[in-house]
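See structure below.
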Protein chains: 2
Amino acid sequence: MSPTIKVLLAEDQSMVREALAALLGLEDDIEVVAQVARGDEVLAAVREHGVDVALLDIEMPGCTGIEAAAQVHGALPAVKLVVLTTFGRPGYLRSAMEAGADAFLVKDAPAAQLAAAVRKVLAGERVIDPTLAAAALAEGANPLTDREREVLRAAADGSTNAELAAALHLSQGTVRNYLSTAIQKLAVRNRAEAVRTAREKGWL
Amino acid sequence: MSPTIKVLLAEDQSMVREALAALLGLEDDIEVVAQVARGDEVLAAVREHGVDVALLDIEMPGCTGIEAAAQVHGALPAVKLVVLTTFGRPGYLRSAMEAGADAFLVKDAPAAQLAAAVRKVLAGERVIDPTLAAAALAEGANPLTDREREVLRAAADGSTNAELAAALHLSQGTVRNYLSTAIQKLAVRNRAEAVRTAREKGWL
DNA sequence: GCTGCCGGATGACAGATGTCATACGGCGAA
DNA sequence: TTCGCCGTATGACATCTGTCATCCGGCAGC
(Lines give C-alpha, C1' and ligand atoms only; values in the text may rest on other atoms or scores of the structure.)
Protein backbone atom coordinates (compact mmCIF):
# COMPACT_ATOMS: atom_id res chain seq x y z
CA MET A 1 0.00 0.00 0.00
CA SER A 2 2.15 2.91 1.25
CA PRO A 3 5.61 3.39 -0.24
CA THR A 4 8.59 2.10 1.72
CA ILE A 5 9.90 4.03 4.70
CA LYS A 6 13.23 5.72 3.95
CA VAL A 7 15.63 5.30 6.84
CA LEU A 8 19.04 6.81 7.57
CA LEU A 9 21.40 4.93 9.87
CA ALA A 10 24.03 6.88 11.81
CA GLU A 11 26.42 4.74 13.82
CA ASP A 12 30.20 4.84 13.91
CA GLN A 13 30.99 1.15 14.14
CA SER A 14 30.72 -0.19 10.60
CA MET A 15 30.03 -3.73 11.62
CA VAL A 16 27.16 -2.75 13.88
CA ARG A 17 25.84 -0.25 11.38
CA GLU A 18 25.82 -2.69 8.50
CA ALA A 19 24.36 -5.40 10.73
CA LEU A 20 21.52 -3.10 11.70
CA ALA A 21 21.04 -2.31 8.03
CA ALA A 22 20.81 -6.04 7.31
CA LEU A 23 18.26 -6.37 10.07
CA LEU A 24 16.11 -3.55 8.77
CA GLY A 25 16.57 -4.83 5.25
CA LEU A 26 14.57 -7.89 6.21
CA GLU A 27 11.50 -5.69 6.61
CA ASP A 28 9.49 -5.21 3.44
CA ASP A 29 8.29 -1.74 4.27
CA ILE A 30 11.65 -0.30 5.32
CA GLU A 31 14.55 0.76 3.13
CA VAL A 32 17.90 1.96 4.45
CA VAL A 33 18.69 4.73 1.97
CA ALA A 34 21.74 6.19 3.70
CA GLN A 35 24.40 5.26 6.20
CA VAL A 36 26.80 7.65 7.92
CA ALA A 37 29.51 7.08 10.49
CA ARG A 38 29.75 10.59 11.90
CA GLY A 39 27.31 12.85 13.68
CA ASP A 40 28.24 15.85 11.58
CA GLU A 41 27.27 14.11 8.35
CA VAL A 42 23.73 13.37 9.41
CA LEU A 43 21.95 16.55 8.41
CA ALA A 44 23.35 16.66 4.87
CA ALA A 45 22.55 13.00 4.30
CA VAL A 46 19.01 13.42 5.60
CA ARG A 47 18.49 16.32 3.19
CA GLU A 48 20.04 14.55 0.24
CA HIS A 49 18.06 11.34 0.51
CA GLY A 50 14.69 12.65 1.62
CA VAL A 51 14.80 10.50 4.71
CA ASP A 52 11.61 9.74 6.66
CA VAL A 53 13.20 8.41 9.81
CA ALA A 54 16.77 8.94 11.09
CA LEU A 55 18.23 6.31 13.43
CA LEU A 56 20.96 7.94 15.48
CA ASP A 57 23.53 6.40 17.76
CA ILE A 58 24.64 8.79 20.52
CA GLU A 59 28.35 8.04 20.74
CA MET A 60 29.80 9.15 17.41
CA PRO A 61 32.76 11.20 16.20
CA GLY A 62 32.01 14.64 14.77
CA CYS A 63 29.06 15.32 17.00
CA THR A 64 26.79 13.21 19.18
CA GLY A 65 23.56 11.73 17.91
CA ILE A 66 21.73 14.06 20.24
CA GLU A 67 23.34 17.13 18.70
CA ALA A 68 22.61 15.71 15.25
CA ALA A 69 19.00 15.18 16.29
CA ALA A 70 18.74 18.82 17.34
CA GLN A 71 20.15 19.95 13.98
CA VAL A 72 17.73 17.83 11.98
CA HIS A 73 14.80 18.76 14.18
CA GLY A 74 15.61 22.42 13.69
CA ALA A 75 16.06 22.23 9.93
CA LEU A 76 13.56 19.56 8.92
CA PRO A 77 10.98 19.12 11.66
CA ALA A 78 9.01 16.55 9.65
CA VAL A 79 11.82 14.00 9.87
CA LYS A 80 11.25 11.51 12.67
CA LEU A 81 14.17 10.86 15.00
CA VAL A 82 15.02 7.61 16.75
CA VAL A 83 17.93 7.80 19.19
CA LEU A 84 19.69 4.53 19.80
CA THR A 85 22.27 4.05 22.50
CA THR A 86 24.39 1.57 24.37
CA PHE A 87 23.88 3.34 27.66
CA GLY A 88 20.46 3.72 29.22
CA ARG A 89 21.39 6.88 31.05
CA PRO A 90 18.40 8.89 32.17
CA GLY A 91 20.18 12.15 31.40
CA TYR A 92 20.65 11.01 27.81
CA LEU A 93 16.95 10.32 27.50
CA ARG A 94 16.19 13.77 28.82
CA SER A 95 18.60 15.48 26.42
CA ALA A 96 17.38 13.40 23.51
CA MET A 97 13.80 14.40 24.17
CA GLU A 98 14.80 18.06 24.49
CA ALA A 99 16.57 17.73 21.14
CA GLY A 100 13.31 16.65 19.53
CA ALA A 101 13.73 12.87 19.43
CA ASP A 102 10.60 10.79 18.84
CA ALA A 103 11.98 7.52 20.18
CA PHE A 104 14.73 6.44 22.55
CA LEU A 105 15.95 2.86 22.35
CA VAL A 106 18.74 1.09 24.20
CA LYS A 107 20.81 -1.43 22.30
CA ASP A 108 20.07 -4.22 24.68
CA ALA A 109 16.39 -4.14 23.85
CA PRO A 110 15.19 -6.90 21.51
CA ALA A 111 15.96 -6.25 17.85
CA ALA A 112 12.31 -6.40 16.89
CA GLN A 113 11.76 -3.11 18.69
CA LEU A 114 13.86 -1.31 16.15
CA ALA A 115 11.60 -1.82 13.16
CA ALA A 116 8.60 -1.43 15.45
CA ALA A 117 9.90 1.93 16.65
CA VAL A 118 10.47 3.11 13.09
CA ARG A 119 6.84 2.38 12.21
CA LYS A 120 5.50 3.88 15.40
CA VAL A 121 7.31 7.20 15.13
CA LEU A 122 6.12 7.50 11.55
CA ALA A 123 2.60 7.01 12.83
CA GLY A 124 3.18 9.91 15.20
CA GLU A 125 3.79 7.86 18.33
CA ARG A 126 6.62 8.36 20.78
CA VAL A 127 8.59 5.32 21.86
CA ILE A 128 10.29 5.41 25.24
CA ASP A 129 11.20 2.65 27.62
CA PRO A 130 8.90 3.20 30.63
CA THR A 131 11.56 2.15 33.16
CA LEU A 132 13.99 4.67 31.77
CA ALA A 133 11.35 7.35 31.61
CA ALA A 134 10.60 6.80 35.28
CA ALA A 135 14.29 6.92 36.14
CA ALA A 136 14.73 10.15 34.20
CA LEU A 137 11.84 11.76 36.05
CA ALA A 138 12.87 10.44 39.45
CA GLU A 139 16.40 11.69 39.10
CA GLY A 140 15.52 15.29 38.45
CA ALA A 141 17.42 17.72 36.32
CA ASN A 142 21.15 18.15 36.04
CA PRO A 143 22.20 20.17 39.10
CA LEU A 144 25.51 21.25 37.61
CA THR A 145 26.04 24.69 36.12
CA ASP A 146 27.57 25.02 32.66
CA ARG A 147 30.99 25.85 34.02
CA GLU A 148 30.93 23.05 36.55
CA ARG A 149 30.12 20.62 33.78
CA GLU A 150 32.88 21.94 31.57
CA VAL A 151 35.46 21.71 34.32
CA LEU A 152 34.33 18.24 35.29
CA ARG A 153 34.45 17.09 31.68
CA ALA A 154 37.96 18.49 31.30
CA ALA A 155 39.01 16.82 34.55
CA ALA A 156 37.76 13.43 33.39
CA ASP A 157 41.06 12.34 31.90
CA GLY A 158 43.05 12.90 35.07
CA SER A 159 44.34 16.38 34.27
CA THR A 160 45.74 18.30 37.20
CA ASN A 161 44.32 21.59 38.48
CA ALA A 162 47.10 23.55 36.83
CA GLU A 163 46.36 21.96 33.45
CA LEU A 164 42.63 22.54 33.84
CA ALA A 165 43.25 26.16 34.77
CA ALA A 166 45.43 26.66 31.70
CA ALA A 167 43.05 24.87 29.36
CA LEU A 168 39.97 26.75 30.57
CA HIS A 169 41.62 30.13 31.16
CA LEU A 170 40.76 30.14 34.85
CA SER A 171 42.75 30.45 38.03
CA GLN A 172 43.62 27.25 39.84
CA GLY A 173 41.55 28.35 42.79
CA THR A 174 38.48 28.77 40.62
CA VAL A 175 38.96 25.33 39.15
CA ARG A 176 39.09 23.91 42.65
CA ASN A 177 36.00 25.83 43.64
CA TYR A 178 34.01 24.45 40.70
CA LEU A 179 35.17 20.94 41.34
CA SER A 180 34.39 21.35 45.01
CA THR A 181 30.82 22.51 44.37
CA ALA A 182 30.33 19.76 41.78
CA ILE A 183 31.56 17.20 44.31
CA GLN A 184 29.09 18.49 46.87
CA LYS A 185 26.15 18.62 44.47
CA LEU A 186 26.80 15.06 43.40
CA ALA A 187 27.25 13.98 47.02
CA VAL A 188 30.57 12.26 46.36
CA ARG A 189 34.00 12.57 47.88
CA ASN A 190 36.45 13.46 45.11
CA ARG A 191 36.67 14.49 41.48
CA ALA A 192 37.05 10.95 40.19
CA GLU A 193 33.79 9.86 41.79
CA ALA A 194 32.18 13.05 40.58
CA VAL A 195 33.19 12.27 36.99
CA ARG A 196 31.94 8.74 37.43
CA THR A 197 28.50 9.58 38.77
CA ALA A 198 28.00 12.50 36.41
CA ARG A 199 28.77 10.15 33.53
CA GLU A 200 26.42 7.50 34.81
CA LYS A 201 23.57 9.94 35.02
CA GLY A 202 24.30 11.37 31.60
CA TRP A 203 25.07 14.79 33.08
CA LEU A 204 28.50 15.24 31.61
CA MET B 1 29.23 -28.99 -1.31
CA SER B 2 30.21 -28.80 2.38
CA PRO B 3 27.48 -28.54 5.02
CA THR B 4 26.72 -25.15 6.54
CA ILE B 5 29.05 -23.66 9.15
CA LYS B 6 27.47 -23.70 12.60
CA VAL B 7 28.11 -20.44 14.42
CA LEU B 8 27.49 -19.32 17.98
CA LEU B 9 27.06 -15.62 18.70
CA ALA B 10 27.93 -14.29 22.15
CA GLU B 11 27.15 -10.60 22.66
CA ASP B 12 25.27 -8.94 25.46
CA GLN B 13 23.40 -6.26 23.56
CA SER B 14 20.38 -7.99 22.03
CA MET B 15 19.94 -5.53 19.28
CA VAL B 16 23.53 -5.84 18.11
CA ARG B 17 23.52 -9.60 18.55
CA GLU B 18 20.38 -10.13 16.54
CA ALA B 19 21.56 -7.68 13.92
CA LEU B 20 24.80 -9.62 13.53
CA ALA B 21 22.73 -12.78 13.28
CA ALA B 22 20.71 -11.19 10.51
CA LEU B 23 23.91 -10.23 8.75
CA LEU B 24 25.36 -13.72 8.95
CA GLY B 25 21.99 -15.16 8.00
CA LEU B 26 22.42 -13.57 4.58
CA GLU B 27 25.32 -15.94 3.90
CA ASP B 28 24.30 -19.29 2.39
CA ASP B 29 27.05 -21.30 4.01
CA ILE B 30 26.67 -19.93 7.55
CA GLU B 31 24.01 -20.76 10.09
CA VAL B 32 23.71 -19.09 13.50
CA VAL B 33 22.71 -22.05 15.66
CA ALA B 34 22.98 -20.41 19.06
CA GLN B 35 22.96 -16.97 20.64
CA VAL B 36 23.97 -16.17 24.20
CA ALA B 37 24.15 -12.89 26.08
CA ARG B 38 26.57 -13.89 28.84
CA GLY B 39 30.14 -15.08 28.81
CA ASP B 40 29.47 -17.86 31.28
CA GLU B 41 26.87 -19.46 29.02
CA VAL B 42 29.21 -19.86 26.06
CA LEU B 43 30.83 -23.20 26.83
CA ALA B 44 27.57 -25.04 27.50
CA ALA B 45 25.98 -23.63 24.35
CA VAL B 46 28.98 -24.56 22.23
CA ARG B 47 28.78 -28.13 23.56
CA GLU B 48 25.05 -28.42 23.11
CA HIS B 49 24.90 -27.21 19.52
CA GLY B 50 28.08 -28.71 18.11
CA VAL B 51 29.30 -25.30 17.09
CA ASP B 52 32.07 -24.94 14.50
CA VAL B 53 32.92 -21.30 15.13
CA ALA B 54 32.18 -19.18 18.21
CA LEU B 55 31.94 -15.41 17.76
CA LEU B 56 32.68 -13.76 21.08
CA ASP B 57 32.27 -10.18 22.16
CA ILE B 58 34.75 -9.22 24.91
CA GLU B 59 32.58 -7.00 27.10
CA MET B 60 29.90 -9.28 28.52
CA PRO B 61 28.36 -10.00 31.91
CA GLY B 62 29.23 -13.31 33.54
CA CYS B 63 32.70 -13.49 32.14
CA THR B 64 34.58 -11.76 29.33
CA GLY B 65 34.71 -13.19 25.84
CA ILE B 66 38.42 -13.79 26.37
CA GLU B 67 37.78 -15.92 29.45
CA ALA B 68 35.05 -17.75 27.56
CA ALA B 69 37.49 -18.34 24.70
CA ALA B 70 39.99 -19.87 27.11
CA GLN B 71 37.32 -22.19 28.48
CA VAL B 72 36.21 -23.36 25.06
CA HIS B 73 39.77 -23.72 23.84
CA GLY B 74 40.61 -25.86 26.86
CA ALA B 75 37.56 -28.10 26.63
CA LEU B 76 36.98 -28.29 22.87
CA PRO B 77 40.14 -27.31 21.02
CA ALA B 78 38.62 -28.05 17.62
CA VAL B 79 36.16 -25.17 17.94
CA LYS B 80 37.38 -22.04 16.17
CA LEU B 81 37.23 -18.81 18.11
CA VAL B 82 36.62 -15.33 16.73
CA VAL B 83 36.92 -12.51 19.24
CA LEU B 84 34.97 -9.40 18.36
CA THR B 85 35.33 -6.15 20.22
CA THR B 86 34.46 -2.49 20.28
CA PHE B 87 37.90 -1.50 21.48
CA GLY B 88 41.02 -2.21 19.46
CA ARG B 89 43.25 -2.37 22.49
CA PRO B 90 46.53 -4.11 21.83
CA GLY B 91 46.43 -5.74 25.27
CA TYR B 92 43.09 -7.30 24.39
CA LEU B 93 44.54 -8.77 21.23
CA ARG B 94 47.43 -10.21 23.19
CA SER B 95 45.16 -11.78 25.82
CA ALA B 96 42.80 -13.08 23.17
CA MET B 97 45.62 -14.81 21.35
CA GLU B 98 46.93 -16.28 24.60
CA ALA B 99 43.42 -17.58 25.27
CA GLY B 100 43.51 -19.47 21.98
CA ALA B 101 41.56 -17.16 19.69
CA ASP B 102 41.89 -17.70 15.94
CA ALA B 103 40.69 -14.29 14.88
CA PHE B 104 40.45 -10.84 16.40
CA LEU B 105 38.07 -8.32 14.84
CA VAL B 106 37.14 -4.80 15.86
CA LYS B 107 33.56 -3.71 15.40
CA ASP B 108 34.46 -0.77 13.25
CA ALA B 109 35.86 -3.01 10.55
CA PRO B 110 33.58 -3.49 7.52
CA ALA B 111 30.81 -6.01 8.10
CA ALA B 112 31.99 -8.19 5.23
CA GLN B 113 35.04 -9.14 7.27
CA LEU B 114 32.89 -11.01 9.73
CA ALA B 115 31.70 -13.75 7.39
CA ALA B 116 35.11 -13.75 5.77
CA ALA B 117 36.78 -14.33 9.13
CA VAL B 118 34.42 -17.19 9.93
CA ARG B 119 35.37 -18.95 6.70
CA LYS B 120 39.07 -18.26 7.12
CA VAL B 121 39.38 -19.58 10.66
CA LEU B 122 37.55 -22.72 9.59
CA ALA B 123 40.14 -23.12 6.86
CA GLY B 124 42.84 -22.95 9.53
CA GLU B 125 43.88 -19.36 8.96
CA ARG B 126 44.35 -16.74 11.62
CA VAL B 127 42.73 -13.35 11.11
CA ILE B 128 44.30 -10.36 12.80
CA ASP B 129 44.33 -6.72 11.84
CA PRO B 130 47.96 -6.02 10.93
CA THR B 131 47.93 -2.52 12.42
CA LEU B 132 46.73 -3.86 15.73
CA ALA B 133 49.20 -6.72 15.64
CA ALA B 134 52.01 -4.23 15.13
CA ALA B 135 50.73 -2.09 17.98
CA ALA B 136 50.52 -5.10 20.28
CA LEU B 137 54.08 -6.07 19.51
CA ALA B 138 55.43 -2.54 19.72
CA GLU B 139 53.83 -1.93 23.07
CA GLY B 140 55.38 -4.89 24.83
CA ALA B 141 53.83 -6.88 27.61
CA ASN B 142 51.85 -5.61 30.54
CA PRO B 143 54.44 -4.19 32.96
CA LEU B 144 52.10 -4.26 35.95
CA THR B 145 52.27 -6.96 38.58
CA ASP B 146 49.07 -8.77 39.63
CA ARG B 147 48.69 -6.71 42.75
CA GLU B 148 49.32 -3.44 41.00
CA ARG B 149 46.64 -4.32 38.50
CA GLU B 150 44.18 -5.25 41.23
CA VAL B 151 44.77 -2.05 43.12
CA LEU B 152 44.49 0.02 39.98
CA ARG B 153 41.27 -1.71 38.98
CA ALA B 154 39.84 -1.10 42.44
CA ALA B 155 40.92 2.54 42.28
CA ALA B 156 39.20 3.05 38.95
CA ASP B 157 35.91 4.20 40.43
CA GLY B 158 37.45 6.98 42.50
CA SER B 159 37.77 5.11 45.78
CA THR B 160 40.06 6.71 48.33
CA ASN B 161 43.19 5.04 49.68
CA ALA B 162 41.43 4.14 52.93
CA GLU B 163 38.63 2.38 51.03
CA LEU B 164 41.10 0.56 48.81
CA ALA B 165 43.08 -0.54 51.84
CA ALA B 166 39.94 -1.86 53.50
CA ALA B 167 38.66 -3.57 50.37
CA LEU B 168 41.96 -5.27 49.57
CA HIS B 169 43.06 -5.98 53.16
CA LEU B 170 46.18 -3.88 52.80
CA SER B 171 47.62 -0.94 54.70
CA GLN B 172 47.05 2.50 53.24
CA GLY B 173 50.78 2.89 52.75
CA THR B 174 50.96 -0.26 50.69
CA VAL B 175 48.09 0.88 48.53
CA ARG B 176 49.96 4.10 47.91
CA ASN B 177 53.14 2.24 47.09
CA TYR B 178 51.41 0.07 44.50
CA LEU B 179 49.68 3.02 42.93
CA SER B 180 52.95 4.91 42.93
CA THR B 181 54.85 2.15 41.14
CA ALA B 182 51.97 1.70 38.69
CA ILE B 183 52.02 5.43 37.98
CA GLN B 184 55.76 5.29 37.30
CA LYS B 185 55.56 2.20 35.12
CA LEU B 186 52.84 3.80 33.03
CA ALA B 187 54.76 7.09 32.89
CA VAL B 188 51.82 9.18 34.01
CA ARG B 189 51.26 11.68 36.78
CA ASN B 190 48.40 10.45 38.95
CA ARG B 191 46.10 7.50 39.53
CA ALA B 192 43.37 8.80 37.26
CA GLU B 193 45.74 8.93 34.30
CA ALA B 194 47.13 5.56 35.27
CA VAL B 195 43.65 4.03 35.16
CA ARG B 196 43.02 5.72 31.85
CA THR B 197 46.15 4.55 30.07
CA ALA B 198 46.01 1.06 31.56
CA ARG B 199 42.46 0.80 30.22
CA GLU B 200 43.48 2.06 26.82
CA LYS B 201 46.21 -0.49 26.51
CA GLY B 202 43.97 -3.30 27.72
CA TRP B 203 46.14 -3.86 30.77
CA LEU B 204 43.50 -3.49 33.40
C1' DG C 1 74.24 -19.60 49.00
C1' DC C 2 73.72 -15.20 46.81
C1' DT C 3 70.89 -12.11 44.13
C1' DG C 4 66.62 -10.37 42.60
C1' DC C 5 61.94 -9.73 42.50
C1' DC C 6 57.34 -9.80 44.61
C1' DG C 7 54.10 -8.92 48.32
C1' DG C 8 53.69 -6.31 52.28
C1' DA C 9 54.74 -2.62 55.60
C1' DT C 10 56.44 1.96 57.98
C1' DG C 11 57.73 6.84 58.32
C1' DA C 12 58.76 11.28 56.48
C1' DC C 13 58.10 14.75 53.27
C1' DA C 14 56.36 17.71 49.34
C1' DG C 15 52.89 18.81 46.59
C1' DA C 16 48.04 18.30 45.04
C1' DT C 17 43.35 18.44 46.31
C1' DG C 18 39.12 19.68 48.86
C1' DT C 19 36.84 23.08 52.01
C1' DC C 20 35.52 27.42 53.63
C1' DA C 21 34.99 32.35 54.09
C1' DT C 22 34.94 36.16 51.51
C1' DA C 23 34.75 39.36 47.69
C1' DC C 24 32.98 41.61 43.27
C1' DG C 25 30.25 42.45 38.91
C1' DG C 26 26.40 40.92 36.20
C1' DC C 27 21.91 39.47 35.47
C1' DG C 28 17.22 37.78 36.20
C1' DA C 29 13.15 37.26 39.29
C1' DA C 30 10.19 39.00 42.82
C1' DT D 1 15.15 47.55 43.74
C1' DT D 2 16.62 44.08 46.40
C1' DC D 3 17.63 39.20 46.56
C1' DG D 4 19.83 35.40 44.87
C1' DC D 5 22.53 32.87 41.68
C1' DC D 6 26.38 32.52 38.42
C1' DG D 7 31.14 33.23 37.07
C1' DT D 8 35.42 34.44 38.79
C1' DA D 9 38.95 35.11 42.19
C1' DT D 10 41.91 35.02 46.62
C1' DG D 11 43.85 33.17 50.96
C1' DA D 12 44.08 29.91 54.63
C1' DC D 13 43.62 25.48 56.21
C1' DA D 14 43.20 20.35 56.56
C1' DT D 15 43.56 16.27 54.32
C1' DC D 16 44.80 13.22 50.57
C1' DT D 17 48.19 11.67 47.28
C1' DG D 18 52.61 10.59 45.38
C1' DT D 19 57.56 9.73 46.34
C1' DC D 20 61.36 7.87 48.58
C1' DA D 21 64.20 5.23 51.73
C1' DT D 22 64.10 1.34 54.21
C1' DC D 23 62.71 -2.86 56.13
C1' DC D 24 60.99 -7.99 56.28
C1' DG D 25 59.87 -12.86 54.58
C1' DG D 26 59.38 -15.85 50.71
C1' DC D 27 60.61 -17.78 46.53
C1' DA D 28 62.96 -18.49 41.92
C1' DG D 29 67.28 -18.60 39.26
C1' DC D 30 72.13 -18.86 38.92
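Hey, can you tell me all the residues within the stretch B:35-86 that are under 14 Å from the mean Cα position of the chain (by Cα), away from every other protein chain (no Cβ under 14 Å) and of a type in the set (D, E, K, R)?
Residues satisfying the conditions are B:40, B:67.
Is it true that some residue in the stretch A:140-163 is away from DNA strand C (no atom under 12 Å from the Cβ), hydroxyl-bearing (Ser, Thr, Tyr) and touching a Phe, Trp or Tyr at 6+ places or on another chain (Cβ under 9 Å)?
Scanning the stretch A:140-163, I find no residue that is away from DNA strand C (no atom under 12 Å from the Cβ), hydroxyl-bearing (Ser, Thr, Tyr) and touching a Phe, Trp or Tyr at 6+ places or on another chain (Cβ under 9 Å), so the answer is no.
Quick check on residue B:44: is it at pLDDT 95 or above and over 23 Å from residue B:125 (Cα atoms)?
For residue B:44, the condition - at pLDDT 95 or above and over 23 Å from residue B:125 (Cα atoms) - is met.
With respect to residue A:32, determine if the residue is in a strand (DSSP E or B) and either among the charged types (D, E, K, R) or within 21 Å of residue B:26 (Cα to Cα) (or both).
Yes; evaluated as a whole, the condition is true for this residue.
Among the numbered conditions (1) of a type in the set (A, V, I, L, M); (2) crowded, with 22+ Cβ neighbours inside 10 Å; (3) in a helix (DSSP H, G or I); (4) in contact with a Gly (Cβ under 9 Å, 6 or more places away or on another chain), tell me where residue B:46 comes up short.
Tallying (1) of a type in the set (A, V, I, L, M); (2) crowded, with 22+ Cβ neighbours inside 10 Å; (3) in a helix (DSSP H, G or I); (4) in contact with a Gly (Cβ under 9 Å, 6 or more places away or on another chain), residue B:46 fails exactly one: (4).
Being within 17 Å of residue B:163 (Cβ to Cβ) and within 9 Å of DNA strand C (Cβ to nearest atom) is the filter here, so list the residues in the stretch A:171-195 that pass it.
Across the stretch A:171-195, the qualifying residues are A:183, A:188, A:189, A:190, A:191, A:192, A:193, A:194.
Have a look at B:121, B:127, B:106 and point out the one that is touching a Gly at 6+ places or on another chain (Cβ under 6 Å) and under 30 Å from residue B:24 (Cα atoms).
B:106
Where the second residue is surrounded by 15 or more Cβ atoms within 10 Å (Cβ to Cβ) and not hydrophobic (A, V, I, L, M, F, W, C) and the first is at negative phi and not assigned by TED's automatic domain parsing to the domain that holds residue A:68 and lies in the stretch A:36-50, which pairs have Cβ atoms under 6 Å and are six or more apart or on separate chains?
none
The values are calculated or read from the model by the stated rules, or taken from the named source; none is laboratory data. Just so you know, these numbers come straight off a predicted model, no measurement behind them. Note that we place each Cβ from the backbone using ideal geometry, even for glycine, and neighbour counts take in every protein chain shown.
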